[in-house]
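The values are calculated or read from the model by the stated rules, or taken from the named source; none is laboratory data. Here the structure is a predicted model, which is why all the values come from computation and not from measurement. Ideal geometry is used to build each Cβ from the backbone, glycine not excepted, and the neighbour counts take in all protein chains shown. Only protein heavy atoms, including side chains, enter the accessible area calculation; ligands, DNA and RNA are left aside. Shrake-Rupley method; radii C 1.70, N 1.55, O 1.52, S 1.80 Å.
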Amino acid sequence: MPVFIGDLESIKRISYELCEDLSKEGAVYFEARYSPHLFSNLPRVKNFFNVPEGDVTPRDVVRVVNEGIREGSKDFGIQARTVLCMIRDKPEWSAEVLELCEEFHNDTVVGIDLANNEMLELYTQHIEGFKGAKTAGIHRTCHAGEMGPASNVQTAIEILEAERIGHGYHIFDDESVVKLAKEKSIHFEVCPTSSTRTGALEDDFDNHCAKRFLNEGMNISINTDDPTLFGATLTREFSIARNHFGMDDRALALMTLNAAQASFLPDDQKAEMIKSLKVKFKEIL
Ligand SMILES: [Zn+2]
């Protein structure tokens, strides 16, 4: 990351090429999640990397990501949207993340997230960010139960009113939270390679909690998390699901329909996407 923080041309190109990469893997739609602040080099945005200060604002970052995504979608025939992250230990950024979600709502931003160290406090600014997003009709997902306990998933559902949970693996430590998630049909974004590389779970795909999610009939999708960091591609993650989680073509197709249903697209566009997926899958379903 240090090499492209504050480099708008590179950030745009990365966004554009993400569309190319995912289109080559056969994806028809994706949501890319990132923190605009972590690519800004403003002095007030002291991030984790010691890069030279400059004048690239978080808003500039969102603007060029949107340009890259729009142009890439068109050139590679794929639909794409973005989700902006609040960062757990940077509550002072949260109001601006919400403002950016509102300003760029549906161009290409469709959701808000809370990322980073789950063991840290949930600051009121994050709660306000989620409440403001709900009021503005912006969708909500939240990292919870990845490294942190099942109670974080409960907080994300009950206090932050998240519709999707990032990871959520540790939910099975508390049956009451499993019950809550089932009642509310919460969608879980499971990322196999990431789940073992981050140390969230043991490196044993045959005993992965994705199987438990599936056995319980819960609503999940298979995702890459950080492709560059973990060497995870959608193709690799789907083959892990096939080889270790016992998912056949039909199970993978049904899961893809769940992912589409849980997407943050406006209802009419979502219905359109589901319709075209069902046509693609008609031999399998
Ligand atoms: Zn993540």
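Condition first: away from the ligand (no atom under 13 Å from the Cβ) and hydroxyl-bearing (Ser, Thr, Tyr). Now tell me which residues in segment 187-220 satisfy that.
Within segment 187-220, Thr196 is the sole residue that qualifies.
Is at least one residue of segment 258-267 modelled with pLDDT of 95 or more, open to solvent by 40 Å² or more (accessible area, probe 1.4 Å) and of a type in the set (Asp, Glu)?
Yes.
Considering only segment 220-247, state which residues are open to solvent by 40 Å² or more (accessible area, probe 1.4 Å) and under 24 Å from Asp173 (Cα atoms).
Asn223, Asp225, His244, Gly246
What are the residues in segment 29-51 that are open to solvent by 50 Å² or more (accessible area, probe 1.4 Å) and touching a residue at least 24 places away in the same chain (Cβ under 8 Å), if any?
Of everything in segment 29-51, those that are open to solvent by 50 Å² or more (accessible area, probe 1.4 Å) and touching a residue at least 24 places away in the same chain (Cβ under 8 Å) turn out to be Arg33, Phe49, Asn50.
When segment 147-161 is examined, which residues are found to be within 16 Å of the ligand (Cβ to nearest atom), free of Cβ contacts under 8 Å to residues at least 40 places away in the same chain and not in a helix (DSSP H, G or I)?
The answer is Gly148, and nothing else.
Give segment 138-151 a look and list any residue that's open to solvent by 20 Å² or more (accessible area, probe 1.4 Å) and either within 17 Å of the chain's Cα centre (by Cα) or not assigned by TED's automatic domain parsing to the domain that holds Val177 (or both), or say none.
Result: His139, Arg140, His143, Glu146, Met147.
Cβ-Cβ distance below 8 Å, separation of 6 or more or different chains: which pairs start in segment 266-285 with a residue that is closer than 21 Å to Glu31 by Cα and end on one that is among the hydrophobic types (A, V, I, L, M, F, W, C) and modelled with pLDDT under 95?
Going by the 8 Å Cβ cut-off, the qualifying pairs are Lys278/Leu285.
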